[in-house]
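Have a look at the structure below, then the notes.
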Amino acid sequence: MMKYFWFAFSLLTPLISYAQRCGTVEYEKIRQQRHPSKETIDQFELWLQNKMGQRAKSGQGNRTQSANYVVPVVVHVIHSGEAIGTGTNISDAQILSQIKVLNDDFERLNADTTKTLTEFKTVAGKFPITFVMAQQDPNGLATTGIVRVKGTQTSWSIADNYTLKALSYWPAENYFNIWVTNLSGGLLGYTQLPVSSTLLGLEDSSNDRLTDGVVIDYQTYGTADAAGGSNFNLISEYNKGRTATHEVGHFFGLRHVWGDCSPFSCGCTDYVSDTPFQDTDYNGQCPSSIISDCSGHSMYANYMNYTDDACMNIFSQGQVDRMDVIINNSPRRVSLLTSIGSQPPSPVPNDIGIKSIASPGLSACDGSVTPAIVIHNFGTNDVTSTQINLSLNGNVVETKTFSLSLSTNAETTVAFSSVALAAGTNYNFLFNVLQTNGVADGSPAFNTISETTSTPLHGTLPIAENFNSMPAQWSTNNPDGLTTWVNTSIGGSHGGAMFLDYYNYDNQGTSDFLITPVLDLTNSTIASLSFDYAYAKLSTGSKDGLRVLVTTACDFNSSSTEIFNKAGSTLATVTSDSPFIPTDSQWASSGIIPLNQFLGQRIQIAFVGFNDFGNNLYIDNVSVLDNPITGFKLNGILTPSPVSCEANYTPVIQITNVGNTVINSFTVDAYLNNQLVTKQFTGVTLNPSQTASNFSLNATKFNSGANSFAVVIKSPNGNMSGAFVKDSINTKRYISTASDFIPLAQNFDNGVGEWITMNPTFGPIWYPTATNKGKSLEFEAINDASIGDQAWVVSPVLDLSKTSKASLTFESSYAYNFSSSETLRVLVSTDCGENFNQILYTSSGSSLANANATSAWLPSTKNEWRKNFINLDNFVGQPNTRFAFVATNANGNNLYLDNIQFFVNDNVTKDTLTIENLYSVYGGITGSPVQVTFNLPARQNVHIQVYGITGNVILDNTFTDTLNQTYTLLEPNTIAPGLFIVRVQTQSPSTIRSTKVLSGFN
Ligand SMILES: [Zn+2]
């Protein structure tokens, strides 16, 4: 459900022909989906109504607010690189015009209060609030409150929320963040609603803090009524700044007047008593006279409707009361009132402030750390000395006076004495400025800064982590506070694994860290990492990623080295559109990744998932070794192929080094029909992770027919024991020199004849089975648990040297058993089968399937078969071709093969393919030749005669080896038009028949 939310949303928006006035409700739905524990509307309203009740009891409800609320505003213009004042990079004048609109509208100083219907003038409310552009920034420096940042994209949707706001953000406790940018899909603006303060545990994650504020489209921000406003690029219906008035209403807790029920309903409340019920939103409308709605007259001019800007002019007193409670109680609203952001910096003579902690970071290695901070001279005097103390976990550990030469607004880094840190501990570092230039520091602002630094635990090498539970010494780092690595049980041989739920994690672009304990390589002479991973990419494409980083500083924020990076299709071990849980066959191995560059140091390794909202990512079996591992793997026997002609072969094998040391020597035992031939390889260089395909064994004579052929590789570098030092493959190899020529048809009704059906690893084979097409070959994948098993059926050696054209058709039938995809390939060899190195056809899973089925598939109708055509012109002239039809097992469902036909032409048309009889005579009119196409069960001589109407013989010929050929009998322009008799005689079955044809008429 969640997965397709964005798809549905992005499909819908382009269909909306008018502007989408406000995205706040959509945005809040997404927030609720992401944080199932977030407070509901009901919980929030219960808190709010309770607060409003307290306010009324205390008499505040009737007071005239005299104090003015002052809110410092920062406007982040996220533009596309234009000059200031053009395009999305709107002018300062346009920015400031909006601030005036907000101040007028909330205090009911707007000029168009005269348009408020008389009956509503008595409930009109004034909210005594003043929005001011911030005068000092989060660092205490003077500012205009305007930040301009070139965006990383040219338009933005709600889905891009986090990415957009991360480009520029000031702490939401102290500043009201307004982002102005180019919103896509006709969206004018959206807001993050306030939250309650009392429901502990439901207050939003840090991520929500980082996104608090409102977003306004640049073409609706500001007012054309300002001086020079006619030059602002505003949409005419939304050119009075009321988009922001509306969104800021949301920011202070107001809801839409119609109550956001879908469909509209007269009983749907906005929790405000003096705004009449509505069952419409007035989107795109601009009424000016009394309108009846629900049970009374409509307050269509309320700012919390979707009316055009020119027709909005009122907040009600009930709405103002509600905003008053929010601004006095809600987190990141009430704190705005005491922010110094609204006041200019007022420098004093002697004032040092701390900008940041340079060391340590949020994470540090145990041992010795040198605390250091960046300090700034905020004062008007040059600073020659400052005294700062450092507290560790609440105890002052050092008070230090630093001699400086720091002019106004200059910065420098100062360091304290080193501190000893133990592993697996949290340390609170607190720095406090005491004196500047020998007197008490002149301003308390920025005089303290604190941070908690954690030190990771140590692990013991070697690491062999199977994640059957979450290992205690490992940790995760979850920067956005949302989905992260969790331990999960997936069954099968993997048991437990670490898991990132990217299927349901729509905060794209974020990273999550899974971090090892500290691993000590100080005395190691060799080290390596390996792990297993599984990832499904969506069929529409998704680019979730996995990187592996190594740090020697116990802090991935400060420095790290990347040793593995895969994403999207490179990372994918399978393609799936349903939530992915890997089976045993859907994992891949990283192979051995050397860590030798980190020898002599202490390291931590992080597995960093990158979210593209695709499908799930898993890792398992993390192995970190600090001793030499010699190991290799026999990937396959490349020569000879499973079915070939020659009896004498030099077998070739492919080997991968899966250890962390170079392999220089090894031994191969090859058993041909149980006769052992041993070969020693010396002087080779096979590097860690390298795969080589050039290891030739001794020339060996294979027997005609089936041979068992086993290969064992062993003793890498003379190492006789241990894991990975021995590997073997036991196969079948078939020698057959049976030959034939084309045309050729094989329907398997009489078995496989001289075709060879075999499975190189002794598993199930293609086997003749009764279907609706007589007998067909079946590969019974549904009962074959051996994933990757291959069944081969191979043609006799075919001579293609006596034809100038050739082609091939075959029929297949298959049912897709959902996640498990069989593959059918057609391979060709031009050297009698020694190498099948060209793929003519490959299809798998749903592409190959005629149906979906989870029960054993057996085709029963003509429509449950598919006919496939392959042009073979590239192979004519070759005397020793051989064709293999290879099924690869996924334990999915059964695959069938039938009616393999080779043609001596390459224009096998649909018409000729659909002939059901022994032959068809056709053509002759409108200029087409008279032709006959055969569809005989076996090659034979056919006798064809053509007579004119007077009995004159025009053609009398015997065609040898006729099977499925097409012969031209009459060309219309070589003979006078007339009626002709075509007489065809076949031998097997024996038939003779005459057909009348007209030829040459137009
Ligand atoms: Zn709204």
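The values are calculated or read from the model by the stated rules, or taken from the named source; none is laboratory data. The shown structure was predicted, so the numbers you read here are calculated from the model rather than taken from an experiment. So basically every Cβ, Gly included, is an ideal-geometry build from the backbone, and we count neighbours across all protein chains shown. Ligands, DNA and RNA are excluded from the accessible area calculation, which covers all protein heavy atoms including side chains. Shrake-Rupley method; radii C 1.70, N 1.55, O 1.52, S 1.80 Å.
Cβ-Cβ contacts under 6 Å between residues 6 or more apart (or on different chains), taken from a first residue in the range 301-320 that is over 11 Å from residue 275 (Cβ atoms) to a second residue that is of a type in the set (Phe, Trp, Tyr), are listed as 306/282; 307/282; 307/300; 309/238; 312/303; 320/127. Scanning the range 95-111 for any residue that is part of a loop (DSSP other than H, G, I, E, B) and open to solvent by less than 20 Å² (accessible area, probe 1.4 Å) turns up at least one such residue. When the range 877-896 is filtered for residues that are crowded, with 21+ Cβ neighbours inside 10 Å and not hydrophobic (A, V, I, L, M, F, W, C), the ones remaining, listed by number, are 881, 882, 889, 892, 893, 894, 896. When the range 156-192 is limited to residues that are of a type in the set (A, V, I, L, M), in contact with a Phe, Trp or Tyr (Cβ under 7 Å, 6 or more places away or on another chain) and not in a loop (DSSP other than H, G, I, E, B), the one that is surrounded by the fewest Cβ atoms within 10 Å (Cβ to Cβ) turns out to be 159.
Quick one: is residue 26 modelled with pLDDT of 90 or more, within 16 Å of the ligand (Cβ to nearest atom) and among the acidic types (Asp, Glu)? Lay out the reasoning, then the answer.
Working: modelled with pLDDT of 90 or more: yes; within 16 Å of the ligand (Cβ to nearest atom): yes; among the acidic types (Asp, Glu): yes.
The answer is yes for residue 26.
Scanning the range 248-275 for residues that are of a type in the set (Val, Ile, Thr) and either more than 11 Å from the ligand (Cβ to nearest atom) or surrounded by fewer than 24 Cβ atoms within 10 Å (Cβ to Cβ) (or both) turns up 269, 272, 275.
When 763, 788, 751 are checked against the criterion of being surrounded by fewer than 18 Cβ atoms within 10 Å (Cβ to Cβ) and more than 23 Å from residue 890 (Cβ to Cβ), a single residue qualifies: 751. Tallying residues that are within 36 Å of the chain's Cα centre (by Cα) and not in a loop (DSSP other than H, G, I, E, B) within the range 245-282 yields 5. Among all positions in the range 407-425, there is at least one residue which is under 22 Å from residue 140 (Cα atoms), of a type in the set (Gly, Ala, Ser) and open to solvent by 40 Å² or more (accessible area, probe 1.4 Å). Being open to solvent by 50 Å² or more (accessible area, probe 1.4 Å), outside the structural domain of residue 824 (by TED's automatic domain parsing) and among the β-branched types (Val, Ile, Thr), is that true of even one residue in the range 918-925? Yes, the range 918-925 contains a residue that is open to solvent by 50 Å² or more (accessible area, probe 1.4 Å), outside the structural domain of residue 824 (by TED's automatic domain parsing) and among the β-branched types (Val, Ile, Thr).
For residue 120, are the conditions met, namely being outside any helix (DSSP H, G or I) and over 44 Å from the mean Cα position of the chain (by Cα)? Don't jump to the end; show me each part of the working.
Details: outside any helix (DSSP H, G or I): no; over 44 Å from the mean Cα position of the chain (by Cα): yes.
Judged against the criteria, residue 120 is not a match.
Taken over the range 223-247, the criterion of being within 13 Å of residue 96 (Cβ to Cβ), within 16 Å of the ligand (Cβ to nearest atom) and surrounded by fewer than 24 Cβ atoms within 10 Å (Cβ to Cβ) is satisfied by no residue. Scanning the range 837-874 for residues that are open to solvent by less than 30 Å² (accessible area, probe 1.4 Å) and either closer than 22 Å to residue 793 by Cβ or in a helix (DSSP H, G or I) (or both) yields 843, 845, 848, 849, 857, 859, 865, 868, 870, 872. If you go through the range 638-652 and keep only what is open to solvent by 10 Å² or more (accessible area, probe 1.4 Å) and not in a loop (DSSP other than H, G, I, E, B), you end up with 638, 639, 648, 652.
Of everything listed in (1) under 30 Å from residue 578 (Cα atoms); (2) of a type in the set (S, T, N, Q); (3) modelled with pLDDT of 95 or more, the single unmet condition for residue 795 is (1). Of all residues assigned to the range 465-481, at least one qualifies as being over 22 Å from the mean Cα position of the chain (by Cα) and in a strand (DSSP E or B). Kindly check whether there is at least one residue in the range 792-815 that is open to solvent by 10 Å² or more (accessible area, probe 1.4 Å), among the acidic types (Asp, Glu) and within 39 Å of the chain's Cα centre (by Cα). Yes, because at least one residue in the range 792-815 is open to solvent by 10 Å² or more (accessible area, probe 1.4 Å), among the acidic types (Asp, Glu) and within 39 Å of the chain's Cα centre (by Cα). Residue 298 meets the stated requirement of being more than 16 Å from the ligand (Cβ to nearest atom) and open to solvent by less than 10 Å² (accessible area, probe 1.4 Å).
Among the residues of the range 118-132, how many are open to solvent by 30 Å² or more (accessible area, probe 1.4 Å) and in contact (Cβ under 8 Å) with a residue 24 or more places away in the chain? Walk me through how you get there before you give the answer.
Quick first cut of the range 118-132, residues open to solvent by 30 Å² or more (accessible area, probe 1.4 Å) only: 118-119, 121-123, 126, 130, 132.
Retained after the next criterion (residues that are in contact (Cβ under 8 Å) with a residue 24 or more places away in the chain): 119, 123, 126, 130, 132.
Final tally of qualifying residues: 5.
Residue count for the range 948-1002 under the criterion of being part of a strand (DSSP E or B), aromatic (Phe, Trp, Tyr) and either closer than 26 Å to residue 743 by Cβ or touching a residue at least 60 places away in the same chain (Cβ under 8 Å) (or both): the result is 2.
Would you pick out the residues in the range 146-191 that are within 16 Å of the ligand (Cβ to nearest atom), under 30 Å from residue 328 (Cα atoms) and modelled with pLDDT under 95? Once the filter is applied, which keeps residues that are within 16 Å of the ligand (Cβ to nearest atom), under 30 Å from residue 328 (Cα atoms) and modelled with pLDDT under 95, the range 146-191 yields 158, 161. Within the range 554-574, the residues that satisfy the criterion of being among the aliphatic types (A, V, I, L, M) and open to solvent by less than 40 Å² (accessible area, probe 1.4 Å) are 563, 571, 572, 574.
Taking the stated definitions as given, is residue 779 open to solvent by 40 Å² or more (accessible area, probe 1.4 Å) and touching a residue at least 24 places away in the same chain (Cβ under 8 Å)?
On the way: open to solvent by 40 Å² or more (accessible area, probe 1.4 Å): no; touching a residue at least 24 places away in the same chain (Cβ under 8 Å): yes.
In short, no.
Testing residue 401 on (1) out of contact with any Ser or Thr (no Cβ under 9 Å at 6 or more places or on another chain); (2) at pLDDT 95 or above; (3) of a type in the set (S, T, N, Q), one condition comes back false. Which one is that? Checking residue 401 against (1) out of contact with any Ser or Thr (no Cβ under 9 Å at 6 or more places or on another chain); (2) at pLDDT 95 or above; (3) of a type in the set (S, T, N, Q), the one that fails is (1). Residue 507 meets all of the listed conditions (1) closer than 22 Å to residue 658 by Cβ; (2) open to solvent by less than 10 Å² (accessible area, probe 1.4 Å) but one, namely (1).
Residue 863 meets each of the listed conditions (1) on the phi < 0 side of the Ramachandran plot; (2) touching a residue at least 24 places away in the same chain (Cβ under 8 Å) apart from (2).
Only one of the listed residues (269, 245) is touching an Asp or Glu at 6+ places or on another chain (Cβ under 8 Å) and of a type in the set (Val, Ile, Thr). That residue is 245. Taking the criterion of being more than 11 Å from residue 527 (Cβ to Cβ), open to solvent by less than 10 Å² (accessible area, probe 1.4 Å) and not aromatic (Phe, Trp, Tyr), the residues of the range 592-625 that qualify are 604, 606, 608, 609, 611, 614, 615, 616, 617, 619, 620, 622. Within the range 448-464, which residues are of a type in the set (Gly, Ala, Ser), open to solvent by less than 50 Å² (accessible area, probe 1.4 Å) and over 18 Å from residue 393 (Cβ atoms)? Hit for the range 448-464 is 459, nothing else.
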